[in-house]
Amino acid sequence: MVIKYLTRGLSALPLPLALVVPLLPLLPLLPLLLLTPLPAAQAAPAAPVAEVTTLADAVGQLKVAEENRAGYTTSSFRHWNAGEDATDGCDTRAEVLLSEAVVAPTVGSGCGLTGGRWTSHLDGQEVTGAGSLDVAHLVALGEAWDSGASAWTERRREAYANDQGADASLAAVTARINRRKADKDPADWMPPSPDVQCRYTGEWVSTKLRWQLTVDDRELEALKVYAEGPCEDTVVHYAPEV
């Protein structure tokens, strides 16, 4: 019936015969074409929603698990890679140093850095000269391995080791304070200045939540001491890295 009326309608139109005749073989397929839904446009994956919460609430979101260092080596995490801008000739370490400089250094051939000035926030030291600085992983690679990264793919471990997507992940600090921190968690080490401890605790928790890393019992209890005491007003920002 549909074809009958469509044919009658076409015959009534003042169209040149040369245009109408090629369409006639398609008429039996027209009902199927009309009933077949058009493919939906593929939606772009939604960006992770940034979370803002209190330190106590953030600590409450952490998952507890036993730690296991078996199989860990620093080579398990590829770093430093070409960084956020693969065209600038600087690796992740140099890009972090450039982004955190209080006074920008001169960038030479091969991204060599001369001059410049930095503040190492973990110990409050002013530093001139990039060679005196470490770019530290706030949650050290060994601690990340213990807390779940041992089960990750190599690609995800590389992303963690070079993470510039969150301000807390990497920091330019004095080599001395970074050696003291090493791969200890807050149950075994905190920055010496009380003024820095709340920031450090908040950044530690935000990094663990960002990468879905676990905590052990001692670590959790240490974090609770700060979250429920001197750092209760600390706000935690993090965006999950999926």
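The values are calculated or read from the model by the stated rules, or taken from the named source; none is laboratory data. No experiment lies behind these values; they were computed from the predicted model shown. Backbone-built Cβ (ideal geometry, glycine too); neighbour counts: all protein chains shown. Each accessible area value is taken on the protein alone, full model and side chains, heavy atoms only, with ligands, DNA and RNA left out. Shrake-Rupley method; radii C 1.70, N 1.55, O 1.52, S 1.80 Å.
From the list Gly202, Gly229, Gly165, which one is under 18 Å from the mean Cα position of the chain (by Cα), not hydrophobic (A, V, I, L, M, F, W, C) and not in a helix (DSSP H, G or I)?
One residue alone meets the criteria, Gly165.
Could you identify the single residue in Gly116, Gly112, Gly131 that is touching a Ser or Thr at 6+ places or on another chain (Cβ under 9 Å) and either in contact (Cβ under 8 Å) with a residue 60 or more places away in the chain or exposed (fewer than 14 other Cβ atoms within 10 Å of the Cβ) (or both)? Please lay out each step first, then the result.
Working: Gly116 fails: either in contact (Cβ under 8 Å) with a residue 60 or more places away in the chain or exposed (fewer than 14 other Cβ atoms within 10 Å of the Cβ) (or both); Gly131 fails: touching a Ser or Thr at 6+ places or on another chain (Cβ under 9 Å).
Result of the check over Gly116, Gly112, Gly131: Gly112.
Kindly provide the set of residues from segment 153-182 that are without any contact (Cβ under 8 Å) to a residue 60 or more places away in the chain and surrounded by fewer than 18 Cβ atoms within 10 Å (Cβ to Cβ), ordered by number.
If the condition is that a residue be without any contact (Cβ under 8 Å) to a residue 60 or more places away in the chain and surrounded by fewer than 18 Cβ atoms within 10 Å (Cβ to Cβ), then Thr153, Arg155, Arg156, Asp167, Ala175, Arg176, Arg179, Arg180, Ala182 are the ones that fit.
Of all residues in segment 60-83, which are open to solvent by less than 70 Å² (accessible area, probe 1.4 Å) and without any contact (Cβ under 8 Å) to a residue 24 or more places away in the chain?
Gly60, Thr73, Ala82
Against the conditions (1) more than 26 Å from the chain's Cα centre (by Cα); (2) open to solvent by less than 60 Å² (accessible area, probe 1.4 Å), where does Leu122 fall short? Just the number, please.
(1)
Being crowded, with 19+ Cβ neighbours inside 10 Å, of a type in the set (S, T, N, Q) and in contact with a helix residue (DSSP H, G or I) (Cβ under 8 Å, 6 or more places away or on another chain): is that true of Thr234 here?
Spelling it out, Thr234 is indeed crowded, with 19+ Cβ neighbours inside 10 Å, of a type in the set (S, T, N, Q) and in contact with a helix residue (DSSP H, G or I) (Cβ under 8 Å, 6 or more places away or on another chain).
Say whether the condition of being in contact with a Leu (Cβ under 6 Å, 6 or more places away or on another chain), over 19 Å from Ser193 (Cβ atoms), surrounded by 21 or more Cβ atoms within 10 Å (Cβ to Cβ) and not aliphatic (A, V, I, L, M) is met by at least one residue in segment 138-152.
Yes: one or more hits.
Filtering segment 90-102 down to residues that are of a type in the set (A, V, I, L, M) and out of contact with any Ser or Thr (no Cβ under 8 Å at 6 or more places or on another chain), which residue is most open to solvent (accessible area, probe 1.4 Å)?
Here is the first cut: in segment 90-102, the residues of a type in the set (A, V, I, L, M) are 94, 96-98, 101-102.
From what's left, out of contact with any Ser or Thr (no Cβ under 8 Å at 6 or more places or on another chain): 94, 96-98, 101.
Details: Ala94: 11, Val96: 7, Leu97: 1, Leu98: 59, Ala101: 24 Å².
Restricting to residues being of a type in the set (A, V, I, L, M) and out of contact with any Ser or Thr (no Cβ under 8 Å at 6 or more places or on another chain), the top hit is Leu98.
So which residues in segment 217-231 are among the charged types (D, E, K, R) and open to solvent by less than 30 Å² (accessible area, probe 1.4 Å)?
Across segment 217-231, the qualifying residue is only Glu219.
For residues that are polar (S, T, N, Q) and open to solvent by 10 Å² or more (accessible area, probe 1.4 Å), scanning just segment 184-205, find the one that is nearest to Glu66 (Cα to Cα).
That would be Gln197.
Within segment 133-155, can you find the residues that are polar (S, T, N, Q) and part of a helix (DSSP H, G or I)?
Ser150
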